1. Could you run the Karplus curve 6.51 cos²θ - 1.76 cosθ + 1.60 with θ = phi - 60° over segment 70-85 and give me ³J(HN,Hα) per residue in whole Hz, x for Gly and Pro?
2. Starting from the residue with the highest accessible area, list D135, D190 in decreasing order, probe 1.4 Å.
3. L127's amide H: which non-local residues (gap 5+, or another chain) put their own amide H closer than 5 Å, with H modeled 1.01 Å from N in plane and none for Pro or chain starts?
4. Round to the nearest 0.05 the FRET efficiency obtained for A178 and D135 when R0 = 35 Å and r is the Cβ-Cβ distance.
5. Taking a temperature of 37 °C and a viscosity of 0.692 mPa s, what whole-number D in µm²/s does Stokes-Einstein yield for segment 1-60 with Rh from Kirkwood over alpha carbon pairs?
6. Would you be so kind as to identify which of I194, V21, T156 lies farthest towards the positive end of the dipole of the chain, taking Lys and Arg as +1 and Asp and Glu as -1 on Cβ and the Cα centre as origin?
7. Tell me what the chain gives for mean residue ellipticity at 222 nm when only DSSP H runs of n ≥ 4 count, each as -39,500 (n - 2.57), the sum divided by the residue total, rounded to 500 deg cm²/dmol.
8. Sorting K121, K22 by accessible area (1.4 Å probe), largest first, what list results?
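The values are calculated or read from the model by the stated rules, or taken from the named source; none is laboratory data. The model shown is predicted, which means the values in this text are computed figures rather than measured ones. Positions of Cβ are backbone-derived with ideal geometry, glycine not excepted, and every protein chain shown enters the neighbour counts. Remember, those area values only see protein heavy atoms, side chains included, never the ligands or the DNA or RNA. Shrake-Rupley method; radii C 1.70, N 1.55, O 1.52, S 1.80 Å.
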Amino acid sequence: MTQGVTKPWLCRGDDGKLYVVKRLNATYLGCIYEWVAAQLGIRFGLPVPDSQLVYIDDLLVEGDDELTNDLGCGIAFASELKDSLQEVNLERLREVNKPLLLDLFLFDYWIKNGDRTLTDKGGNPNLYYNIVTGDLVVFDHNLAFEHYFSSLEHKTLHAASSVIKGQTDLFTDVIDRAHYQARFEGAMTDFDAIIDFIPHEWLDGLKDADGEMNRIRVLLNDFVNDNFWEALA
């Protein structure tokens, strides 16, 4: 929670659970991306923490300028806190099963998330593991659905790319297109419901909310086209 520019806060919900909460400092658009990507990630089968839309009462932030500026009162995006986490490095990633890394590589490619980079020169993986169980934890998608996403950069800089199959080798012979298309389709089954849950106050803060929602839908449905897969070659 001390990393990055979105300045999330650790908050306890009225359900007793601890959540990492983002709102104003992450921007409403960033919160929308977080919500949509988290919901799709869970449905796709990634180890994404449970996410909620939470309400911050004005009494909770009143008199605190930092809380007022970072969160403010209203509906926020909340990701359930996971304990005992440490950010991955390349050495740790080499111990992770490759099917899961391939899932992560394809998911980020699908949602056009270029903000999960890691090479031998460093990066920003936005990927953690539980130091007790070794399980991966995937989160932080406020920069997904990029307008100018680079397939080439994704193949060379993504956190999973260097340990899936060499460095920048072809990926096509290890990707089961039919398998992943079915998983994308499955995740998209609830897309309308996911969008319907987005708070009006977030959407009202956008210049063209309907246009943005349609852009995301078109981007996500691109997997039915050959060029979606050919760009991985």
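1. Result, rounded to whole Hz: 7, 10, x, 9, x, 8, 10, 8, 10, 10, 4, 5, 10, 7, 6, 9.
2. Working: D135 90, D190 60 Å².
Ranked from most to least accessible, the order is D135, D190.
3. Under 5 Å from the amide H of L127 lie the amide H atoms of V88, each far enough along the sequence or on another chain.
4. Details: r = 28 Å, r/R0 = 0.80.
Efficiency for this residue pair is about 0.80.
5. Values: Rh = 12.7 Å.
After rounding, the answer is 259 µm²/s.
6. Among I194, V21, T156, the one farthest towards the positive end of the dipole of the chain is T156.
7. On the way: 12 runs with 95 residues, N = 233.
Value at 222 nm, helices only, nearest 500: -11000 deg cm²/dmol.
8. On the way: K121 190, K22 15 Å².
From most accessible down to least: K121, K22.
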